[in-house]
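What follows is calculated from the coordinates using simple rules that are stated; it is not laboratory data. Everything numeric here is computed off the predicted structure, so don't read it as measured data. All Cβ positions, even for glycine, are placed from backbone atoms using ideal geometry, and neighbour counts span all protein chains on display.
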Amino acid sequence: MPTIDPEAVVGSRITNQSLSRWLHSLPGVDKVGLEARTASLGTRSIKTDSKAWALDMAIKMMDLTTLEGADTKERVRSLCLKAITPDPTDLTTPQPAAICVYGDMVKHAKEALGKNKIHVAAVATAFPSGRASLPVKIADTKDAVNAGADEIDMVIDRGAFLSGNYLEVYKQILAVKAACLRKDGTRAHLKVILETGELETYDNIRRASYLAMLAGPDFIKTSTGKVSINATLPITLLMLQAVKDWFDQTKIQIGVKPAGGIRTAKDAIKYLVVVKETAGEEWLTPKYFRFGASSLLNDVLMQRQKLTTGHYSGRDYVSVD
Amino acid sequence: MRLEVKKTYKLFIGGKFPRSESGRIYKVNNHKGEFLANVAKASRKDVRDSVVVARSAQSGWASATPYNRGQVLYRIAEMLEGRREQFVAEIRELTGKSEKQANQEVDSAIDSWVWHAGWTDKIDAVAGNMNPVAGPFFNISTNQPTGVVAAFAPQDSSLVGLVNTIAPAIVSGNSIIAITSETLPICAVTLAEVLETSDLPGGVVNILTGNASELGSWLASHMDVNAIDLEGTSNAAELEMLAAENLKRVIRKGGYSRTGAKGSLQHILDLMETKTVWHPKGH
């Protein structure tokens, strides 16, 4: 895998000033253009064959998520069973990419998933606020990795980012990435959550994307799902542009994961259109695009049943979650 | 000199008045065969959207107290009374009825709402039962709404037929997707405006204007619809077969009169399920 020299990208030694200069030299986001572009992509009509493909792809890209204070071992177990057999009436249904849980639930998820290829992703670093000292964040990450997590979803320190302390944000991502290393030398995949709902402007989201990418994660992720503004199409498009430009510049391909608020198959298909038209087909794989979602799966399953049976399905024909 | 402001006749879905998703409209004529208005022509996707909102509205409506549901139904009667002149004018224009006949139809529609409003808290008293069982148990049968009802209103009635199709469904806590008479849909749109201002939660009643044959199979085969009322359909047998797939309750064509000021308790019960509870009792 190619690596980059951050100093070469930024153009000087990494300091808060140089990062600031680099990030603020990025072109500003054309808000009106961005939103108009997303709106026009969202109106595209997807016909039957493509729709069937898109629904299956949406399931394969899904990080089936439960991140509640009230999560129990049993709840995680039932979610894992659902991931293993999403639709018991149709065994051709693909499995989602991963189960996304809190760190202490990783061992239960691993146990329930057994030999299945479904990954376990754990949120770490004082999710969702990210308000803890770095040693605590690192310990949080290591704990999840040691419990067997395949992927780590970390949150950036939005307070530091908004107050212009970019170096701090960058260093924390590097530190967490280092904490993802396993004893056997492999590394848990790292997703960096920007929490776009708290970043206020599109310009900030672009800057945060670049700052995160500089630290070399596997994914950048929109949101925690715990604030009022979660993933939106324009934000995802913006982040896809960022990873695409980054790829053109550095030959390093980074994935994007919108999370929170994606509840219907129709929404999911709109996202896939945006992926195809913004980043390109190279991103149209679970390796480089994921959905963080919980209720989305049932809606996709119902749409899938509609396509196979010819009549509309209902909530009675999918499992309760 | 000013231009007359014409009304756009739209659908009623989830408490809102959208145009048809398909953008289609069709012409409605008055009783003399002259052009009266363009009305939205509902499509398969409007049906789909209606079922989704009807499903999400149903549990809240069913868990409202019977007393509260009765008040809302009575409120509909009040609001309908306030629009009497508009309904009378529309019925006359559509059907050619005399003023007296049109007034009688509006009377019946209003009275039917009041009749149904009275039933909300009496259904169980009349149709529920404490069953005698051989054992130390209370055994109680109560009536529960069946869920989402799809109904085709009679084709030959502009107002009272629709009211006598909607009211028996929602009185017990069902939600409904009502397909109006294709040729007499004007009063239905006005009725939707009445419902919208009657404290009825959005999505409990959804009114679609359009062609019953086109929409019928989508509703009859829909797995998230629990009952179907075939009154206004022309292919009832075919739809009844589709409805069997998920064991929908079926009200057959011509089963109940829809022209009067009173409904039928049996009609209400046809759209309900019996729940029987065993409860241990001490010696």
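What does the extension gain come out to for A:Thr48 and A:Gln17, with contour length at 0.36 nm per residue minus their alpha carbon separation?
Values: separation 31, 0.36 × 31 = 11.16 nm, distance 5.24 nm.
Between A:Thr48 and A:Gln17, full extension yields 5.9 nm more.
Calculate one ³J(HN,Hα) per residue across segment A:184-199 by plugging θ = phi - 60° into the Karplus curve 6.51 cos²θ - 1.76 cosθ + 1.60, and present them in order as whole Hz with x for glycine and proline.
Going residue by residue, I get 7, x, 7, 9, 5, 4, 10, 10, 9, 8, 7, 6, 4, x, 9, 8 Hz, with x marking Gly and Pro.
Quick one: putting +1 on the C-beta of Lys and Arg, -1 on the C-beta of Asp and Glu, what dipole do you get for segment B:76-117 around its Cα centre, in Debye to the nearest 20? All intermediate terms of the calculation are to be shown ahead of the outcome.
Numbers: 5 positive and 9 negative charges, 21 e Å.
The calculation lands at about 100 debye.
With the contact rule set at Cα under 8 Å and sequence spacing of 6 or more, what percent relative contact order holds for segment B:103-194? All intermediate terms of the calculation are to be shown ahead of the outcome.
Numbers: 114 pairs, mean separation 26.5, N = 92.
In percent, rounded to a whole number, it is 29.
Run the helix sum for chain B: -39,500 (n - 2.57) per DSSP H stretch of 4+ residues, divided by residue count, reported at 222 nm to the nearest 500 deg cm²/dmol.
On the way: 10 runs with 121 residues, N = 283.
Rounded to the nearest 500, the figure is -13500 deg cm²/dmol.
Using unit Cβ charges (K, R positive; D, E negative) and no other charged atoms, how large, in debye to the nearest 20, is the dipole of segment B:25-280 about its Cα centre?
Values: 22 positive and 28 negative charges, 50 e Å.
So the magnitude is around 240 debye.
To the nearest Å, what is the center-to-center distance of segment A:1-52 and segment A:203-236, using C-alpha atoms only?
The two parts, judged by their Cα centres, are 10 Å apart.
With θ taken as phi - 60° and the coefficients 6.51, -1.76 and 1.60, list the Karplus ³J(HN,Hα) couplings across segment A:38-47 in order, rounded to whole Hz; mark glycine and proline as x.
5, 4, 6, 5, x, 8, 5, 8, 10, 8
Quick one: what are the phi-derived ³J(HN,Hα) couplings along segment A:136-143, Karplus 6.51/-1.76/1.60 with θ = phi - 60°, whole Hz, x for glycine and proline?
5, 4, 5, 4, 4, 5, 4, 4
From the cross-link list A:Lys306/B:Lys45; B:Lys7/B:Lys27; B:Lys10/B:Lys248; A:Lys191/A:Lys266, which pairs have alpha carbons spaced over 22 Å apart?
On the way: A:Lys306/B:Lys45 13 Å; B:Lys7/B:Lys27 14 Å; B:Lys10/B:Lys248 29 Å; A:Lys191/A:Lys266 25 Å.
Beyond 22 Å: B:Lys10/B:Lys248; A:Lys191/A:Lys266.
Under 25 Å Cα to Cα from B:Lys100, which lysines show up? Leave out anything in the same chain fewer than 8 places away.
B:Lys100 reaches B:Lys32, B:Lys262.
Report, in debye and to the nearest 20, how large the dipole of the protein assembly as shown comes out about its Cα centre when Lys and Arg carry +1 and Asp and Glu carry -1 on their Cβ.
On the way: 72 positive and 66 negative charges, 200 e Å.
About 960 debye.
Arranged by the count of other C-beta atoms within 10 angstrom, fewest first, what order do B:Glu196, B:Glu105 take?
Values: B:Glu196 16, B:Glu105 25.
Going from sparsest to densest Cβ surroundings: B:Glu196, B:Glu105.
Do the sum for chain A: with -39,500 (n - 2.57) for every DSSP H run of n ≥ 4, divided by all residues, what is the mean residue ellipticity at 222 nm, to the nearest 500 deg cm²/dmol?
Working: 13 runs with 150 residues, N = 321.
Helix contribution divided over all residues of chain A: -14500 deg cm²/dmol.
Counting Lys and Arg as +1 and Asp and Glu as -1, what is the net charge of the other residues whose Cβ lies under 14 Å from the Cβ of B:Ala127?
Working: positive: B:Lys122, B:Lys275; negative: B:Asp121, B:Asp124, B:Asp270, B:Glu273.
Every neighbour counted, the sum reads -2.
Taking a cut-off of 14 Å between Cα atoms, list the aspartates and glutamates near A:Lys51, but don't count ones fewer than 8 places away on the same chain.
Reachable aspartates and glutamates: A:Asp267, A:Asp299.
Taking only Cα atoms, what is the 0 to 90° angle, nearest 10, from helix A:48-60's long axis to the longest principal axis of chain A?
Once rounded, the angle reads 60 degrees.
Tell me, what is the percent relative contact order of chain B, built from C-alpha pairs under 8 Å that lie six or more residues apart? If you can, show how the numbers build up before the last one.
Values: 598 pairs, mean separation 70.7, N = 283.
About 25 percent, as a whole number.
How many angstrom lie between the Cα centre of segment B:54-100 and the Cα centre of segment B:1-33?
19 Å
As an exercise, identify the GluC sites (Glu not before Pro) in segment A:160-224 lying in DSSP coil whose Cβ has no more than 14 other Cβ atoms within 10 Å.
On the way: sites: A:Glu168, A:Glu195, A:Glu198, A:Glu200; in loops: A:Glu195, A:Glu200.
Listed in order of number, the matching sites are A:Glu200.
Between beta-carbons, use under 14 Å as the cut-off and find the net charge around B:Pro66, counting Lys and Arg +1, Asp and Glu -1.
Values: positive: B:Arg69, B:Lys122; negative: B:Asp121, B:Asp124.
It works out to a net charge of 0.
Provide the percentage of antiparallel DSSP beta bridges, counting only those with both residues in the protein assembly as shown; round to the nearest 5. Don't jump to the answer; show the numbers that get you there.
On the way: 19 of 63 bridges.
If we restrict to bridges inside the protein assembly as shown, about 30 percent are antiparallel.
Just tell me which lysines come within less than 17 Å, Cα to Cα, of A:Lys110; anything on the same chain fewer than 8 places away is out.
A:Lys73, A:Lys82, A:Lys142
For a quick check: with amide H placed at 1.01 Å from N, whose amide H comes under 5 Å from A:Lys221's, ignoring anything fewer than 5 positions away on the same chain?
For A:Lys221, whose amide H was placed from the backbone, the distant partners under 5 Å are A:Val192, A:Ile193, A:Leu194, A:Lys257.
Please go through segment A:235-287 and write out the trypsin sites (Lys or Arg not before Pro) that DSSP classes as loop and that have at most 12 other C-beta atoms within 10 Å.
Working: sites: A:Lys244, A:Lys251, A:Arg263, A:Lys266, A:Lys270, A:Lys276, A:Lys287; in loops: A:Lys251, A:Arg263, A:Lys287.
Here the trypsin sites (Lys or Arg not before Pro) that fit, given the DSSP loop and packing criteria, are A:Lys251.
Lys and Arg at +1, Asp and Glu at -1: add these up for the other residues within a Cβ distance under 15 Å of A:Thr3 and post the number.
Working: positive: A:Lys177, A:Arg187, A:Lys251; negative: A:Asp5, A:Glu7, A:Asp218.
Surrounding charge for A:Thr3 is 0.
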